[in-house]
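The values are calculated or read from the model by the stated rules, or taken from the named source; none is laboratory data. Computed from a predicted model, the values in this text were never measured in an experiment. All Cβ positions, even for glycine, are placed from backbone atoms using ideal geometry, and neighbour counts span all protein chains on display.
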Amino acid sequence: MTLVVEEPLPDTDLDQGTQPKDDKTPGTTDDESSGDMTLRPSKPTPPETSSPQPMNEELNIGMMNYVKHIFDEQGNQLKELNESINTCFDRHNAFLQKQDNELQEAIDNLNKHSSGLSKTFKESFIKNYVKILLKN
């Protein structure tokens, strides 16, 4: 759309910074000489009014498809990341379960073979043994 200034700009003396006394332009009324500098659109030509609508629809559809494609890619990446995290948790839980089983087996063996030892010695030994197992 083309914008047209309906009223000419007033002459200004650049050296003095003043405008000439004659504010009226020929063919204007008192209302028009008030300095109204409103930009008004010119009349559109037929090609400007008919072609943008289908082009805008095609552009909107193209942009929506592009955004959908990006969201689909990100969704797939998030699914893969979630599966990877779940695999890590499963492996870690299996490792912890294995350590827990080994520790319980060691405690059971210690209790079985240490019936003659004092209770405080057993507790101290178990605590130290657990520390050694956890470091490995």
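Some notes on this structure:
- Selection status of S33, at pLDDT below 95 and not aliphatic (A, V, I, L, M): yes
- Verdict on S42 being among the hydroxyl-bearing types (S, T, Y) and at pLDDT below 80: yes
- Within the stretch 77-135, the set of residues being of a type in the set (S, T, Y), part of a helix (DSSP H, G or I) and free of Cβ contacts under 8 Å to residues at least 12 places away in the same chain comprises S84, T87, T120, S124.
- Remark: N101 falls outside the filter, which requires a residue to be modelled with pLDDT under 90, out of contact with any strand residue (DSSP E or B) (no Cβ under 7 Å at 6 or more places or on another chain) and of a type in the set (S, T, N, Q).
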